[in-house]
Amino acid sequence: MADPSSYRPKPGQIPDSPGVYRFRDEHGRVIYVGKAKSLRQRLSSYFQDLAGLHPRTRTMVTTAASVEWTVVSTEVEALQLEYSWIKEYDPRFNVKYRDDKSYPSLAVTLNEEFPRVQVMRGPKKKGVRYFGPYAHAWAIRETVDLMLRVFPVRTCSAGVFKRSAQIGRPCLLGYIGKCSAPCVGRVSAEEHRELAEEFCDFMAGRTGAYIRRLEQRMQDAAEEMEYEKAARLRDDIEALRRAMEKNAVVLADATDADLIAVAEDELEAAVQIFHVRGGRVRGQRGWVTDKVEAVDTAGLVEHALQQLYGEESGDAVPKEVLVPALPEPVEPVAQWLGERRGARVDLRIPQRGDKKDLMATVQRNAQQALVLHKTKRASDLTTRSRALEEIAEALGLDSAPLRVECFDISHLQGQDVVASMVVFEDGLARKSEYRRFQIKGRVGDTQIWHGEGQDDVRSMHEVVSRRFRRYLREKMKTGEWAEEAPGGEIEDPLPEDDGKPKRFAYPPQLVVVDGGRPQVAAAQRALDELGITDVAVCGLAKRLEEVWLPGEDDPVVLPRTSEGLYLLQRVRDEAHRFAISYQRSKRTKTLRAGPLDAVPGLGEARKQALLKHFGSLKRLRAATVEQICETPGIGRKTAETIAAALAGAAPPAPAVNMATGEIMDDAEE
């Protein structure tokens, strides 16, 4: 535990201006990022008597070993820089909201020649118009199914679209009138894009004018005695109204607003957001966070605003944001939101009327989300704790293994040998810490065996050695490991520490290997060679689910109903899945590799340009250097390299029609 006075800046050294500050621990990792209107006043508050600090703040300042700051011009710049640094460094003492689920959104791919309507999850893409998020994907599909009658926009994948264009026949939706079939030229690209934009306008809330226009067209058709057209328009209007009814009207004045509510206790907080567009609830989402820093409701709201709008722009930021408490000060946050939108944003607390009533509904949702999260977490935490205690007792460990790493080897008949490392912390998968390895047949600079063949034992020894050599290398850089590692140098030196979390900086308390006694012995030998004595090793054999320990003749047999065994199986199976997926991806790349892949400096875009220009690899191989230079983006030096590579590559064996025995000369066409 560090004494804050040991790294306290000298009096007068801290500027009295807006800025952002970072606390680092003894290893240089950033553990907290904050902003302040006056850096001098804010940082001075951290170095008062420890007894007067909030317990969480006290833990942070005693964990830290240094503090640094960056001066900015305005509080808005400080807000932007704070958000960027929190995203970059992932500090352990900052509030970090985590989505309680990956919410689906309705997306229109306006960045394509023929825009497509589809359900999307995950990060937003440039040029795609999003609506939502929605609680369930089926709710989106029901809405889209109703609206395709009026706006027959393409919904098919690229493969289906291309196939229909090749055969000149649309898919089923084209035949039943729920797609305008641009794939076969029924509408032009411009007409289809106009349909997609009308779809977006309707989803954005501009519904009244469009329905009135349809009603007028229906009346005109009826007056002209075009009854079939009038009946179709009548059905279109009914379909649109049914789609609108799925989103209840909550604000009568067609307001565009986001309502944010917070429910909290001493340890955790839940945030709920209702997205209201055109007076209707168009989406809902929620977050839960651990309160690892001393923060009030206004602070939680400010963090939620950063999380919600930090990467948004334009109409994705509404005209009005209603919150339960205003950040202090509120002007920089409101100005920052206005810059994200490109227009003024009204950030306020609702005081009366429909908006206050709707805020109460959002607040109830937040409270229920917090209660549900605590119920689930209490149950899961109890089970996970029991599993870790059972593992510690069975393996004779001094304490429960809070960080467990599992290694597995995968190959196909000795080819493309790879390994995986998965990490579980507190009994939960930590996927950001997963790592994968290509087996090289060496440790450090020493070649110990040829990295092919079905030798899982030597592969296990290599991958464990490489993982913990990286760990020792991290410790040597921070001064925690002053000795030279056994077995020689610790590979190449690390770059300068930038405060970001390092890949192999944290050691596990337990290493699990997929295998029996030989694999366990290999992993233990790797640790012994490096002089690491504080990491336990065990192996889980698939046949009888036995747990093997180093140097033991008999395995440890855990009861089949044991939570500890179940956790070890989950860890082992996850490592196996991760290794298999990596090995398959490598094998797929190998099978798809062609002569052009061996040309240094030739990227995917220029390879595609070459194949498009010549039509086939066969014609490219027969081309001269001058002809290759005619391809856009290909210079003479690159053309000479391509020609030399293709001349040295053996042409593929001719394809044979197995039905007739005919040799297909144009196999590469």
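Take the alpha carbon atoms of the stretch 45-201, find their radius of gyration, then divide it by 2.2 N^0.38 Å using N residues; give the quotient. Walk me through the numbers before you get to the answer.
Numbers: Rg = 25.0 Å, N = 157, 2.2 N^0.38 = 15.0 Å.
Here the Cα radius of gyration is 1.66 times the empirical estimate.
Quick check: residue separation of residue 608 and residue 557 times 0.36 nm, minus the Cα distance between them. What number comes out in nm?
Details: separation 51, 0.36 × 51 = 18.36 nm, distance 5.64 nm.
Gain on stretching residue 608 to residue 557: 12.7 nm.
With a ≥ b ≥ c taken as the square roots of the eigenvalues of the C-alpha gyration tensor of the stretch 287-383, please select rounded if a/c is under 1.5 and otherwise prolate if a/b is larger than b/c or oblate if it is not?
Values: a/c = 2.16, a/b = 1.65, b/c = 1.31.
Prolate shape, in that a/c is at least 1.5 and a/b is the bigger ratio.
Go ahead and run the numbers for FRET between residue 528 and residue 176, Cβ-Cβ distance against an R0 of 56 Å, rounding to 0.05. Write out the running numbers ahead of the final one.
Values: r = 70 Å, r/R0 = 1.24.
Once the sixth-power term is evaluated, E becomes 0.20.
For residue 288, what residues show an amide H to amide H distance below 5 Å, using hydrogens built from the backbone and excluding near sequence neighbours?
The list, which skips near neighbours in sequence, is 98, 100, 271.
Read-outs throughout are calculated quantities, based only on the coordinates presented, and are distinct from any laboratory measurement. Predicted model, so just to flag it, every value in this text is computed and none were measured. Every residue, glycine as well, gets a Cβ built from its backbone with ideal geometry; the counts of neighbours run over all protein chains shown.
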